[in-house]
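Read the structure below first, then the notes.
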Amino acid sequence: MTKVTMTVNGKTVSGEVKGNTLLTEFLREDLRLTGTHVGCDTSQCGACVVHVNGEAVKSCTMFAAEADGAEVKTIEGMANADGSLSVIQQAFQDYHGLQCGFCTPGMVMSAAALLKENPKPSEAEVRDYLEGNICRCTGYHNIVRAIMAASGQDVPAVAAE
């Protein structure tokens with residue numbers, strides 16, 4: 001067993017993990033942060049995206065021990081300090097960027113990473129960036145609209161219905 005300590009959503013946490021414990025497992029099972037979803041365990045679906053030291057990471061591809069000392073942000077840490085939804089989360093709600101909601105945490109985390117890198121992405125850039133995230137319900141149309149709205153761009157002009 002290895003002791004790991006990291007800052008998750010602004011709070012320092014520690015735990016004992018086996019060497020093969022994935023970051024996803026540590027977040028969900030040890031810390032009970034179940035917003036990070038496990039969809040495929042093969043890095044294909046993006047449901048497990050979190051931010052590690054400010055970078056989007058598929059947490060099913062990273063060992064918890066690799067995050068020792070890191071700053072980790074999960075979907076639970078995306079809300080504003082007063083508990084209200086972040087701009088991205090609100091846009092997903094306003095533009096119906098979710099249906100079953102399974103992919104939504106990973107999509108929101110990926111969207112946040114995209115908008116950090118590229119505050120005003122084109123529709124094509126949004127679609128390209130989301131290539132590593134799978135949604136089986138929405139067809140991505142409203143997800144793209146939500147991300148465009150969160151970027152402050154004119155939504156009706158993009159992703160026309």
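Other residues whose C-beta falls under 9 angstrom from the C-beta of Gly10 contribute a net charge of +1, scoring Lys and Arg +1 and Asp and Glu -1. Over all other residues within a Cβ to Cβ distance under 15 Å of Asn133, the charged ones net out to 0, with Lys and Arg as +1 and Asp and Glu as -1.
Look at where the Cα atoms of the range 37-85 and of the range 114-142 average out, and the two centres are 17 Å apart. For Phe63, nonlocal amide neighbours, meaning residues 5 or more places apart or on other chains whose placed amide H falls under 5 Å from its own, are Leu23.
Under the criterion of Cα pairs below 8 Å and six or more residues apart, the relative contact order for the chain equals 22 percent. In the chain, helices alone account for a calculated mean residue ellipticity at 222 nm of -7000 deg cm²/dmol, with every DSSP H run of four or more residues adding -39,500 (n - 2.57).
For the range 1-92, the gyration tensor built on C-alpha atoms gives an oblate shape. Its axis ratio a/c (a ≥ b ≥ c) is at least 1.5, and a/b is not larger than b/c. What shape does the range 77-161 have by the C-alpha gyration tensor, where a ≥ b ≥ c are the square roots of the eigenvalues, rounded means a/c under 1.5, and otherwise prolate means a/b greater than b/c and oblate the rest? Rounded, because the longest to shortest axis ratio a/c is under 1.5.
Here the extension length gained between Glu16 and Glu117 equals 33.0 nm, from 0.36 nm per residue of separation less the Cα-Cα distance. Rounded to the nearest whole Hz, the Karplus-based 3J(HN,Hα) values (6.51 cos²θ - 1.76 cosθ + 1.60, θ = phi - 60°) of the range 15-22 follow the sequence x, 9, 10, 6, x, 9, 6, 6, with x at glycine and proline. Take Arg32 and Glu131, extend 7 Å from each Cα along the Cα→Cβ direction, and tell me the distance between the two endpoints in nm. For the pair Arg32/Glu131, the computed spacing is 4.0 nm.
Relative contact order for the range 87-153: 53 percent, from Cα pairs under 8 Å spaced at least 6 residues apart, divided by residue count.
Near Phe26, within a Cβ-to-Cβ distance under 13 Å, what is the net charge of the other residues, with Lys and Arg +1 and Asp and Glu -1? Charge balance near Phe26 sits at -2. For the pair Gln153 and Asp94, the difference between a 0.36 nm per residue extended length and the Cα-Cα distance amounts to 19.8 nm.
Laboratory data are not the source of any read-out in this text; all were calculated from the coordinates shown. Just so we're clear, the structure is a prediction, and the values are computed from it rather than from any experiment. For neighbour counting, all protein chains shown are included, and Cβ atoms are generated from backbone atoms with ideal geometry for every residue, glycine included.
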